[in-house]
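Below is one structure; the comments refer to it alone.
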Amino acid sequence: MQIRKLQRRSGQASVSVWPPRVLSRSGTTFVQSGDGVLKRVTRVDNRLSLTIECEGREVVGRLEWYPPPSVPSGEKVLRAHLGEPIRAIGYLDVR
C-alpha cells in the first residue's frame, strides 16, 4: 500500500494520514504534498514521529494509521528514504 493511502479513524470517518500534520512554532500547519524533506524518523509506541525540513526550518509531525501494514514496516521504508522530498515519499509502498 502506498504511504499516501494509509488511513486512520477520526470519529466515524476514515482520514488520510499523508501528508502528515506537523507542529511548528507558529502552531499546527500542514505540509503540502510537495513541501519539505524527511530528516528523521523515530518510533513512539504505535506511531512514528517525523522531523521534516520545510522552508528552512524543522517541523515535527506524527504518523499513525491502522494496520496493515505494520508500524515497523512503515518505519523501515521511511528510514530508507531520509533526505527525500515528502512528495516522493507518499508514493512509496509499505508492505
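Read the figures in this text as sums done on the coordinates, not as results from a lab. Here the structure is a predicted model, which is why all the values come from computation and not from measurement. Every residue, glycine among them, receives a Cβ derived from its backbone with ideal geometry; neighbour counts consider all protein chains shown.
Full extension of the segment from Val44 to Arg4, taken as 0.36 nm per residue of separation minus the current Cα-Cα distance, would add 12.4 nm. Take the alpha carbon gyration tensor of segment 42-95, find the square roots of its eigenvalues, order them as a ≥ b ≥ c, and report rounded if a/c is under 1.5; if not, report prolate when a/b exceeds b/c, else oblate. Verdict is oblate for segment 42-95. Label sites at Arg57 and Ala88, each approximated as a point 7 angstrom past Cα along Cα to Cβ, lie 2.6 nm apart. What the Kirkwood sum gives for the chain is a hydrodynamic radius of 13.2 Å, with every pair of different alpha carbons counted.
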